[in-house]
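In what follows, a structure is listed as structure tokens, so that the remarks can point back to it.
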Amino acid sequence: MRKALRWLLTLVVLIGTVSTAGAATAAEPEPTDIKDQLLSIPGMSLVQEKPYTGYRYFVLNYTQPVDHRHPSKGTFQQRITVLHKDVSRPTVFYTGGYNVSTTPGRSEPTRIVDGNQVSMEYRFFTPSRPDPADWTKLDIWQAASDQHRIFKALKKIYTRNWIATGGSKGGMTATYFERFYPRDMDGVVAYVAPNDVVNNEDSAYDRFFAKVGTKECRDRLNAVQREALVRREPLEKKYAEYAAAEGFTFNTVGSLDKAYEAVVLDYVWGFWQYGQAADCAEDELIPPNAKTATDDQIWNSIDTISGFSFYTDQGLTPYTPYFYQAATQLGAPNIHFPHIEKKYIRYGYQPPRNFVPREIPTRFQPYAMRDVDNWVRHNARHMLYVYGQNDPWGSERFRVDKGAKDSYVFTAPGMNHGANVAGLVEDQKAFATARILDWADVPAPAVAEAKPLAKFDKKLDVQDVEREPTLRP
């Protein structure tokens, strides 16, 4: 009976279609221009299209729920960009974990696979912030759900394989996305991604700073850092003059004194995060004899590497979402300074709570990172981690154990927070490149050759390591 009914309904539909064919208006053709395809996605709107040879580049807004568990309770506009190559190419989903750049650029995996690139601004970084801002909706699951929803919308256009990538907090973001939505991506390439599993156990950082570089370099950096605290009074006077001239305030951190010490204690970390070992010999950057250096030499060295503007209200405000996450889920390092007498250190490494405005409550969730770490170690599939030998953030890193499949952790010798596949030793570089190409499902001969498919482009591929907060990923 049911089969007969279905047959009868099908016949009625067919008859109706034939009888009205002459009067009915032909169906609208599917949009073929990539801009029209993107803007046909519900909730997608164009901010700007920028020309770039060989690509189409779009800055877009996408309507997202403030709370993916309760989509009806408000929305916000999330900024994304699309570097369009061809719908027949693989697509790389890039996340920096902070604001998104609106200047065309390619991540390393995008160049390797010669593909499209979708880049996402992390929720709560302006302008991608709900208004009013309910900070409880800023967590790693909500952000991963942002990515998942963007992926589902764009997968209808970019139907080939997808690879997630990002550096530093972006590498963490790519990892969390994979943990919560492991069926979305065909591979993950995470660069210099910190993994603070136990927030109050940070001895790995102390061991790193006791061995990194040469003893001569370590002694030279330590001496400048110590001297900046010995000369606290005259240098804080200079700091006060600088702050007054620039209109800087210190309400969030609490005082100029706290800000000064925070900047100074970031100094050695900042050098290794962004500098090269050879920079240690640059007298203009690192005074060779801290005790005989002038106040200006000490000030300039600290300012160049750590930045005296950062712990002001004006410097901290753009990074409030990061510090909130560090105080609630991500955790943060705490290191010690055996080369500095205790009498010179008043506060030590301050917790991220100190850098979040008082009116925003925080509560740490110790299980969040333990869950991700456990999942990666036992369930990772098609995941590649790249760390820099001289990068402090690599002290606590992701690992892959027996349960993981086709997943790897490599270290680029001599590299810092800008470590990449190109900086690996030759056999690891070829292997990693081949795995990325294979995950992207490019033809086998290209996988075997294990070289980037796109030619080097100075404007797209040479980008400064994002100068994020020193001591922040």
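The values are calculated or read from the model by the stated rules, or taken from the named source; none is laboratory data. Predicted model only: the values in this text are computed from it and were never measured. Virtual Cβ from ideal backbone geometry, glycine too; neighbours counted across all protein chains shown. Side chains included, ligands, DNA and RNA excluded: accessible areas come from the protein's heavy atoms. Shrake-Rupley method; radii C 1.70, N 1.55, O 1.52, S 1.80 Å.
Can you tell me which residue in the stretch 180-201 is farthest from the chain's Cα centre (by Cα), limited to those that are open to solvent by 10 Å² or more (accessible area, probe 1.4 Å) and of a type in the set (S, T, N, Q)? The residue in question is 200. Within the stretch 442-454, is there a residue that is in a helix (DSSP H, G or I) and open to solvent by less than 70 Å² (accessible area, probe 1.4 Å)? Yes, because at least one residue in the stretch 442-454 is in a helix (DSSP H, G or I) and open to solvent by less than 70 Å² (accessible area, probe 1.4 Å).
Taken over the stretch 143-177, residues that are under 18 Å from the mean Cα position of the chain (by Cα) and surrounded by fewer than 19 Cβ atoms within 10 Å (Cβ to Cβ) amount to 1.
The residue list 82, 66 contains one member that is within 21 Å of the chain's Cα centre (by Cα), farther than 23 Å from residue 320 by Cα and among the hydrophobic types (A, V, I, L, M, F, W, C), which is 82.
Screening 338, 413 for residues that are closer than 30 Å to residue 250 by Cβ, over 19 Å from the mean Cα position of the chain (by Cα) and of a type outside the set (Ser, Thr, Tyr) leaves exactly one candidate, 338.
Each residue in the stretch 312-347 was checked for being part of a loop (DSSP other than H, G, I, E, B), over 16 Å from residue 473 (Cβ atoms) and open to solvent by 20 Å² or more (accessible area, probe 1.4 Å), and 8 pass.
One residue stands out among those in the stretch 89-117 that are over 21 Å from residue 433 (Cβ atoms) and open to solvent by 40 Å² or more (accessible area, probe 1.4 Å): the one that is nearest to the chain's Cα centre (by Cα), which is 99.
Considering the stretch 211-246, and only residues there that are of a type in the set (Val, Ile, Thr) and either touching a strand residue (DSSP E or B) at 6+ places or on another chain (Cβ under 6 Å) or in a helix (DSSP H, G or I) (or both), the residue that is most open to solvent (accessible area, probe 1.4 Å) turns out to be 230. With respect to the conditions (1) in contact (Cβ under 8 Å) with a residue 60 or more places away in the chain; (2) under 23 Å from residue 433 (Cβ atoms); (3) surrounded by fewer than 24 Cβ atoms within 10 Å (Cβ to Cβ), residue 126 falls short on a single one, namely (2). Reported count of residues in the stretch 53-81, each being surrounded by fewer than 16 Cβ atoms within 10 Å (Cβ to Cβ) and more than 24 Å from residue 97 (Cβ to Cβ), is 5.
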